[in-house]
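The next block holds one structure in the form of C-alpha cells; read it before the comments.
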Amino acid sequence: STILNMGTGIGTSILDIVKTMSQILKIEPKIEFQDPRPGEIGNFVSDTTLLKQTFDLIPNTSVEAGLRKTISWLKESSV
C-alpha cells in the first residue's frame, strides 16, 4: 500500500483559493483573519515526485480550472 500526494507541487494560499472562488462565483465574501492556532502548519506544498514516478503523471490542471470544474460539478449534482 502506497500513499500518493495529489497536487500541483506549487503552493497556493487559502486566500488565493478564496479570491479565485469569489471571482468564479461573482461574490464578495467578508474575510476575517485570525492568529494561527498552536501547532497549525503555515505552509504546505505537496511533493508529487512519487505520483510522477508511479504513473508518469504530471498534474497540469491549474487551481482556477480545477475550482471551476468542481464548482460546476457541485451545481449540476445539487450537492
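FYI, it's all coordinate maths here, none of it is from the lab. Quantities reported herein were computed from a predicted structural model and do not represent experimental measurements. Neighbour counts run over all protein chains shown; Cβ positions are idealised from the backbone, glycine included.
List of remarks:
- Neighbour counting of Cβ atoms within 10 Å sorts the residues S1, S13, S46, fewest neighbours leading, into S1, S13, S46.
- Only helices enter this figure: runs of n ≥ 4 DSSP H residues, each worth -39500 (n - 2.57), summed and divided by the residues of the chain, yield -13000 deg cm²/dmol at 222 nm to the nearest 500.
- From the largest down, the chain spans 41, 39, 21 angstrom on the principal axes of its Cα atoms.
- For the chain, the number of Lys pairs with C-alpha atoms closer than 28 Å, counting only pairs eight or more positions apart or on separate chains, is 8.
- Cβ-based exposure ranking for R37, R68, in which fewest neighbours within 10 Å come first: R37, R68
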